[in-house]
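One structure is given here, and the rest of the page talks about it.
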Amino acid sequence: MSNYAIAVRDVSKKYYLYRRPIHRVLEALSPFKKKYHTSFAALKNVGFEVGQGESVGIIGRNGSGKSTLLQLICGNLQPTEGTVDVRGRISALLELGSGFNPEFTGRENVYLNTAILGMSRLETERRFPQIEDFADIGDFIDRPVKTYSSGMYVRLAFATAISVDPEILIIDEALAVGDIFFQQKCVDHMKKVMQSCSILLVSHDMHSITNLCNRVVVLDEGRVVYTGNPVEGVAKYTKLIHNEQASGNRRLTQQRPLSPRVADLAASLCDDFESWLAVSEDDRGGAGEVKIVRVAVMKGQLPAKTVQQGDRVVVRLLVEAIEDKKDLIFGYTVKDRIGNAVFGENSLCLQEEGQTLDRGYSIVEYSFVWPEVYPDSYTLTLGVGEGTHPLTHRIQCWAHNIVSLAAVTPGVAVHGMFNNKLDHLEVSPMRTVE
């Protein structure tokens, strides 16, 4: 890509770790060049580009190197190897309000921070009404910042940071500030800014990533493990998270073809078993003690391709347990084309008792009724959990975006994601007062 705003080429960043401060001096003065440090590589041969006017998301687990990468791009750090080339003026929302003086008023801090960002006093005076309106903190703008609540503090900091007209905007978790109304205002502003500048967004909010980004880069242990479509990147990131949570006591079995005996037994239970979709290791994550091996999503006697309100969708799973299991939970999530979870359910939320599986293969079947949703394409993610609590259960297997469904609503207008029809309308005429 020749028309780029940011180019990161084979970048590595290493830190030298010393057990004691004196070891730095001993290493510097050692006539035999003895090493007293150990190396830690925060980034390893990272490479990608952000095109002019493109919005790219950076996601990864904690410690994957995201913050280090942003500091390299902003020029706060220098790479150990490789190069970072930036074309354009950068505005970075990394640590909101880090330059605020608590003794100064909000107004004084705005002038101070815009000066640091390179704006003249005259330009700040011209833009101050917009900053004040966006922050929406009322009379507190002329009170010392030390009297602010944390929400007011970050609102003013965000409003100040976006007052500059950047060519490249770098955001690190700054969209999750304030209440829901302020967050919606921030997202609306970002969508407007996207039309005139390049954006690099780091966030753990996967909805923001899929809604605002054209492309996503997934980091893991300092390396790029995926670059491309945001929905697929989020699925890759989710799999990494689930595998991390399960890594403490995982006992995974290798993926292997079904034995003829298992295939024959499954076919005897389901006439259409040969048409079921095989689920590969790349499509699933989790502890892996219970695996989803094959899937069939049916509507009546046929595979579900299109659905509409009232259709019963039947999900059939061939699952493998490496040992006897109890308190198992089965469920699903329906996502839209940009990865937002639209609706879903599981057996635990329905207050059903945990299911028991014997070691080996089992066929699990459940169903749900398709609601009236916006006509579009949706994907079905299927899951198996273990536990008795909806918030602390353990993920055994997620099969990500395994089936695509096209929702249709013949002759019905859907106002939003779901339709919720009016159940009462009354007009009471009133006499006009002369």
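The values are calculated or read from the model by the stated rules, or taken from the named source; none is laboratory data. Computed from a prediction, not measured in an experiment: that's the story for all the values here. No Cβ is skipped: glycine too gets one built from the backbone with ideal geometry, and neighbour counts run over all protein chains shown.
How about the range 205-262: which of its residues are among the aliphatic types (A, V, I, L, M), at pLDDT below 75 and either within 15 Å of residue 61 (Cα to Cα) or assigned to a strand (DSSP E or B) (or both)? First the steps, then the outcome.
Of the range 205-262, the ones among the aliphatic types (A, V, I, L, M) are 206, 209, 212, 216-219, 224-225, 231, 234-235, 240-241, 246, 252, 258, 262.
Now drop any that are not at pLDDT below 75, which leaves 241, 246, 252, 258, 262.
Listed by number, the residues that qualify are 241, 246.
Would you tally the residues in the range 390-400 being modelled with pLDDT of 85 or more and either over 13 Å from residue 328 (Cα atoms) or in contact with a Ser or Thr (Cβ under 7 Å, 6 or more places away or on another chain) (or both)?
So in the range 390-400, the residues modelled with pLDDT of 85 or more come out as 394-400.
Still in the list and also either over 13 Å from residue 328 (Cα atoms) or in contact with a Ser or Thr (Cβ under 7 Å, 6 or more places away or on another chain) (or both): 398-400.
Of the residues in the range 390-400, 3 are modelled with pLDDT of 85 or more and either over 13 Å from residue 328 (Cα atoms) or in contact with a Ser or Thr (Cβ under 7 Å, 6 or more places away or on another chain) (or both).
Specify the residue that is surrounded by the fewest Cβ atoms within 10 Å (Cβ to Cβ); the eligible residues are those in the range 130-141 that are under 31 Å from the mean Cα position of the chain (by Cα) and either touching a residue at least 60 places away in the same chain (Cβ under 8 Å) or in a helix (DSSP H, G or I) (or both). Let's see the steps before the verdict.
Of all residues in the range 130-141, those under 31 Å from the mean Cα position of the chain (by Cα) come to 130-137.
Keeping just the survivors that are either touching a residue at least 60 places away in the same chain (Cβ under 8 Å) or in a helix (DSSP H, G or I) (or both) gives 130-135.
Working: 130: 12, 131: 22, 132: 17, 133: 9, 134: 19, 135: 23.
In this case the residue turns out to be 133.
What strands (runs of 3 or more DSSP E) completely inside the range 319-412 contain at least 2 residues that are closer than 16 Å to residue 299 by Cβ and out of contact with any Phe, Trp or Tyr (no Cβ under 6 Å at 6 or more places or on another chain)?
By residue number, 360-369, 377-386, 394-407.
Quick one: is residue 387 surrounded by 12 or more Cβ atoms within 10 Å (Cβ to Cβ) and modelled with pLDDT of 90 or more?
In short, no.
Output the qualifying pairs, or none if there are none: Cβ atoms under 6 angstrom, residues six or more apart or on different chains, first residue in the range 1-28 and free of Cβ contacts under 8 Å to residues at least 12 places away in the same chain, second residue crowded, with 16+ Cβ neighbours inside 10 Å.
26/36; 27/36
Being hydrophobic (A, V, I, L, M, F, W, C) and under 16 Å from residue 217 (Cβ atoms) is the filter here; which residues of the range 55-85 pass it? Working first, answer last.
Going through the range 55-85, the residues hydrophobic (A, V, I, L, M, F, W, C) turn out to be 56, 58-59, 69-70, 72-74, 77, 84.
If the condition is that a residue be hydrophobic (A, V, I, L, M, F, W, C) and under 16 Å from residue 217 (Cβ atoms), then 56, 58, 59, 69, 70, 72, 73, 84 are the ones that fit.
List every residue pair whose Cβ atoms sit under 9 Å apart, with the two residues 6 or more apart in sequence or on different chains, where the first one lies in the range 110-126 and is more than 22 Å from residue 136 (Cα to Cα) and the second, anywhere, is surrounded by 11 or more Cβ atoms within 10 Å (Cβ to Cβ) and of a type in the set (Val, Ile, Thr).
118/164; 120/114
Identify the residue in the range 142-156 that is part of a helix (DSSP H, G or I), surrounded by fewer than 19 Cβ atoms within 10 Å (Cβ to Cβ) and touching a residue at least 12 places away in the same chain (Cβ under 8 Å) and, among all such residues, is nearest to the chain's Cα centre (by Cα).
The residue in question is 151.
Could you pull out every one of the strands (runs of 3 or more DSSP E) wholly within the range 31-129 that has 3 or more residues that are surrounded by 13 or more Cβ atoms within 10 Å (Cβ to Cβ) and at pLDDT 90 or above?
37-51, 55-60, 81-86
Mind listing whichever residues of the range 1-30 are under 36 Å from the mean Cα position of the chain (by Cα), surrounded by 12 or more Cβ atoms within 10 Å (Cβ to Cβ) and hydrophobic (A, V, I, L, M, F, W, C)?
5, 6, 7, 8, 11
Is it true that residue 364 is at negative phi and modelled with pLDDT of 85 or more?
yes
If you check residue 133 against the conditions, is it at pLDDT 80 or above, acidic (Asp, Glu) and touching a helix residue (DSSP H, G or I) at 6+ places or on another chain (Cβ under 7 Å)?
no
When you go through 261, 294, 284 one by one, which is the residue that is among the basic types (Lys, Arg), free of Cβ contacts under 8 Å to residues at least 12 places away in the same chain, under 24 Å from residue 361 (Cα atoms) and in the same structural domain as residue 364 (by TED's automatic domain parsing)? Working first, answer last.
On the way: 294 fails: free of Cβ contacts under 8 Å to residues at least 12 places away in the same chain; 284 fails: free of Cβ contacts under 8 Å to residues at least 12 places away in the same chain.
Selected residue: 261, the only one of 261, 294, 284 that is among the basic types (Lys, Arg), free of Cβ contacts under 8 Å to residues at least 12 places away in the same chain, under 24 Å from residue 361 (Cα atoms) and in the same structural domain as residue 364 (by TED's automatic domain parsing).
Considering every residue within the range 194-203, establish whether at least one is outside any strand (DSSP E or B), under 18 Å from residue 53 (Cβ atoms) and either modelled with pLDDT of 90 or more or touching a strand residue (DSSP E or B) at 6+ places or on another chain (Cβ under 8 Å) (or both). Quick ask: steps written out before the conclusion?
Narrowing the range 194-203 to residues outside any strand (DSSP E or B): 194-197, 203.
Checking the rest, the ones that are also under 18 Å from residue 53 (Cβ atoms) come to 194-197.
Filter again for either modelled with pLDDT of 90 or more or touching a strand residue (DSSP E or B) at 6+ places or on another chain (Cβ under 8 Å) (or both), leaving 194, 197.
Checked the range 194-203: at least one residue is outside any strand (DSSP E or B), under 18 Å from residue 53 (Cβ atoms) and either modelled with pLDDT of 90 or more or touching a strand residue (DSSP E or B) at 6+ places or on another chain (Cβ under 8 Å) (or both).
Taking the residues in the range 365-409 that are of a type in the set (Phe, Trp, Tyr) and within 26 Å of residue 273 (Cα to Cα) as candidates, determine which candidate is farthest from the chain's Cα centre (by Cα).
Once the filter is applied, the top-ranked residue is 366.
Given the options 80, 68, name the one that is touching a residue at least 24 places away in the same chain (Cβ under 8 Å) and under 21 Å from the mean Cα position of the chain (by Cα). Let's see the steps before the verdict.
On the way: 80 fails: under 21 Å from the mean Cα position of the chain (by Cα).
Selected residue: 68, the only one of 80, 68 that is touching a residue at least 24 places away in the same chain (Cβ under 8 Å) and under 21 Å from the mean Cα position of the chain (by Cα).
Would the range 326-336 turn up any residue that is at pLDDT below 90 and either buried (at least 20 other Cβ atoms within 10 Å of the Cβ) or among the aliphatic types (A, V, I, L, M) (or both)?
yes
Among the residues of the range 189-201, is any assigned by TED's automatic domain parsing to the domain that holds residue 88, under 17 Å from residue 58 (Cα atoms) and without any contact (Cβ under 8 Å) to a residue 24 or more places away in the chain?
Within the range 189-201, one or more residues are assigned by TED's automatic domain parsing to the domain that holds residue 88, under 17 Å from residue 58 (Cα atoms) and without any contact (Cβ under 8 Å) to a residue 24 or more places away in the chain.
Return only the number of the condition from (1) of a type outside the set (Lys, Arg); (2) under 30 Å from residue 230 (Cα atoms); (3) in contact with a Leu (Cβ under 6 Å, 6 or more places away or on another chain) that residue 82 does not satisfy.
(3)
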